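Trainee: Questions regarding the structure given below will be posed in turn.
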Amino acid sequence: VHPAFQHTSMLMRGRESFEPFQHIFSMDVSRFGCPWQYCGRFSIHAQKTILWKPGQRSVDLFLVHSGAVGLFQEEPTWSKGTPRPVAIYRQGWFLNREMLIGAPTKYFAAALEDGELVCWNELRLSTLKMERPAMMSAICKEVTKQQVLDTELSKRALRANQARVDATPFEELIADGNGSTDDLFEFESEGSDILVQQSHHRKSAVCRPNDSVFDVFAKSRFLAGESQKMASRETLGEEEQPLPEPMLRQLVGIQAAQILEGLGLYASVADAADQEVVLPPLPEQFRQGLETAFFTYCALCGASTRIASSKVGQALMYAGVFNTSLAGEVPSRCTLDLDEFIALGHKALMAPLTASQVETIRNIMGRFDTGEIGSLG
């Protein structure tokens, strides 16, 4: 593997282990601010934590950060054996989505693995809506998307149940960690491709939030034993299917990068020694996020508060600064005060520009910002 791909993969895994928002706040505008200010944390313990029972109201909206949660038709009594859940949810999936429309809870929700959930009550969501409307909009969009996918999976599961091909006990599914058969679906947030796993004498398909309706249909057919060739040209026919949303975002990003490269905006400032180099000002929303992150991770050192170098990376991710390599930027066994930390975050967020690059940007704005509003939409 090329070192650049390996490094990028490491940074992506670091973000996935740090927060569950990577598929929710897909646009920079929705990630402005610090989402951790508006949510709570809820620890879950396997076979002990019951999140809710059917018909309850005033239950929080949950987002799985780590661990696993199962939904059950009946209240699970672990002493009588492991009951069979309707579905299993892992990182990136919202739970109790009915909360957003004031509907009562459905099923029994219980923890299957130790972990943590992010949670919002009515007050937190109201505050989020007023102070960070783009962030709230992104959450509502993801909740709606997952609700549609959940409904589609439920329909497919009912059909698959009529042609059960595997009677593997649920205890074995839990031991595997990724199992899913006929009327049991397990949801993960990682990626968007169909993943087929084989374990011993059975096969299983893991359903993910960004799957298209075709993906869901293919998986349910696979689970029912109706098709062994998922996503093949024979199954698809000649009609092209829409690209998964994460892949589409990547392609749009690549196209934007090609345009910026063509404009010379990726040229290194080191190659322009004869030009003035400027660092664009730090937007106020990012400054507020960096300040919040600093005071979350700092500690009292003598008469001042400082942040240890070992916590700088986490603090930057807390503020929404990802995919940043700190090699050589922060000496080991060093501490930073607030101004130094904000300066580091400023450098990580904003790229330095040469005078010619600034002129190129001004010309573009002057050409397309016909309303002189200072932004392009």
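The values are calculated or read from the model by the stated rules, or taken from the named source; none is laboratory data. What you see is a predicted model; the values in this text were computed from it and never measured. Note that each Cβ is placed from the backbone with ideal geometry, even for glycine, and that neighbours are counted across all protein chains shown. For the accessible areas, the whole protein counts, side chains as well, though only heavy atoms, and no ligand, DNA or RNA atoms are used. Shrake-Rupley method; radii C 1.70, N 1.55, O 1.52, S 1.80 Å.
Trainee: Provide the packing ranking of 144-151, 60-67, i.e. peptides ordered by the mean count of other C-beta atoms within 10 Å per residue, highest first. Provide the component values of the computation, followed by the final result.
Mentor: On the way: 144-151: 16.1, 60-67: 21.8.
The most tightly packed comes first, giving 60-67, 144-151.
Trainee: From the phi angles alone, apply the Karplus equation (6.51, -1.76, 1.60; θ = phi - 60°) to region 58-75 and give each ³J(HN,Hα) in whole Hz, x where the residue is Gly or Pro.
Mentor: Values per residue, Gly and Pro as x: 6, 9, 5, 7, 10, 10, 6, 9, 8, x, 8, 10, x, 9, 10, 5, 10, 4 Hz.
Trainee: Same structure, new question: Once phi is turned into ³J(HN,Hα) by the Karplus curve 6.51 cos²θ - 1.76 cosθ + 1.60 with θ = phi - 60°, what whole-Hz value does each residue of region 105-114 show in order, with x for glycine and proline?
Mentor: Each residue's phi maps through the Karplus curve to give 6, 10, 6, 9, 10, 9, 6, 9, 9, 4 Hz.
Trainee: Cβ neighbours within 10 Å, averaged per peptide: list 358-365, 69-76, 128-135 in order, most packed at the top.
Mentor: Numbers: 358-365: 12.8, 69-76: 17.5, 128-135: 15.5.
The peptides rank, most packed first, as 69-76, 128-135, 358-365.
Trainee: To continue, here is another question. Across all directions of projection, what mean area in square nanometres is found for the Cα convex hull of region 1-118?
Mentor: Working: hull surface 38.1 nm².
Projected over every direction and averaged, the Cα hull of region 1-118 covers 9.5 nm².
Trainee: Summing +1 for each Lys or Arg and -1 for each Asp or Glu, what net charge is found among the other residues whose Cβ lies under 14 Å from the Cβ of Leu263? Before the final figure, lay out the partial values.
Mentor: Details: positive: Arg362, Arg367; negative: Glu261, Glu359.
Here the charged neighbours net out to 0.
Trainee: Can you list the HN-Hα couplings for region 50-55, worked out from phi with the Karplus curve (6.51, -1.76, 1.60; θ = phi - 60°), rounded to whole Hz and with x for Gly and Pro?
Mentor: 10, 6, 6, 10, x, x
Trainee: Classify region 302-367 as rounded, prolate or oblate from the Cα gyration tensor: take a ≥ b ≥ c as the square roots of its eigenvalues, call it rounded if a/c is under 1.5, otherwise prolate when a/b beats b/c and oblate if not.
Mentor: Working: a/c = 2.82, a/b = 2.57, b/c = 1.10.
Verdict is prolate for region 302-367.
Trainee: Between Ala103 and Gln314, what's the calculated FRET efficiency when r is the beta-carbon distance and R0 is 35 Å? Round to 0.05. Let's see the in-between values first.
Mentor: Numbers: r = 37 Å, r/R0 = 1.05.
Calculated transfer efficiency: 0.45.
Trainee: Can you grab the distance from the C-alpha centre of region 239-298 to the C-alpha centre of region 1-54, Å, no decimals?
Mentor: 20 Å
Trainee: Just flag the trypsin sites (Lys or Arg not before Pro) in region 268-350 sitting in loop per DSSP whose Cβ has no more than 16 other Cβ atoms within 10 Å. Before the final figure, lay out each step's value.
Mentor: Values: sites: Arg287, Arg306, Lys311, Arg333, Lys347; in loops: Arg333.
Here the sparse-neighbourhood loop sites are Arg333.
Trainee: Stretched out fully, how many nm does the piece from Glu276 to Gln37 gain, at 0.36 nm a residue minus the Cα gap? Working shown, then result.
Mentor: Numbers: separation 239, 0.36 × 239 = 86.04 nm, distance 3.85 nm.
Stretched out fully, the Glu276 to Gln37 stretch lengthens by 82.2 nm.
Trainee: Sort region 239-349 into rounded, prolate or oblate with this rule: let a ≥ b ≥ c be the square roots of the eigenvalues of the Cα gyration tensor; rounded if a/c is under 1.5, and if a/c is not under 1.5, prolate when a/b is larger than b/c, oblate otherwise.
Mentor: Numbers: a/c = 2.67, a/b = 1.55, b/c = 1.72.
Verdict is oblate for region 239-349.
Trainee: Next question, about the same structure. Computed from the mean reciprocal separation of all distinct C-alpha pairs, what Kirkwood hydrodynamic radius does region 15-81 have, in Å? List each step's numbers first, then the result.
Mentor: Working: mean 1/r = 0.0675 Å⁻¹.
For region 15-81, inverting the mean 1/r across all distinct Cα pairs yields 14.8 Å.
Trainee: Scan around Glu116 for amide H atoms under 5 Å from its own, H built in the peptide plane at 1.01 Å from N, and keep only partners 5 or more places away or cross-chain.
Mentor: For Glu116, the qualifying residues are Ile44, His65, Ser66, Gly67.
Trainee: With a 1.4 Å probe and every protein chain kept in, tell me what percent of the accessible surface of region 238-293 is carbon plus sulfur.
Mentor: On the way: 2320 of 4120 Å².
Carbon plus sulfur share of accessible area: 56 percent.
Trainee: So, one more: Taking loop as defined by DSSP and a crowding limit of 16 other beta carbons within 10 Å, which GluC sites (Glu not before Pro) in region 260-301 fit?
Mentor: Working: sites: Glu261, Glu276, Glu284, Glu291; in loops: Glu276.
Of the GluC sites (Glu not before Pro), the ones in loops of region 260-301 whose Cβ has at most 16 other Cβ atoms within 10 Å are Glu276.
Trainee: Over the Cα atoms of region 59-101, compute the convex hull volume and normalise it per residue, giving Å³. Could the numbers behind the result be given before it?
Mentor: Numbers: hull volume 3.9 nm³, N = 43.
Looking at region 59-101, the number lands at 92 Å³ per residue.
Trainee: For a test of the definition: using alpha carbon positions, the gyration tensor, and the 1.5 limit on a/c, classify region 249-295 as rounded, prolate or oblate. Before the final figure, lay out the partial values.
Mentor: Details: a/c = 3.41, a/b = 1.30, b/c = 2.62.
Because a/c hits 1.5 or more and a/b fails to exceed b/c, region 249-295 counts as oblate.
Trainee: A follow-up question, please. For labels at Arg15 and Leu300 in the simple 7 Å Cα→Cβ model, what's the distance in nm?
Mentor: With each label placed 7 Å out from Cα toward Cβ, I get 3.7 nm.
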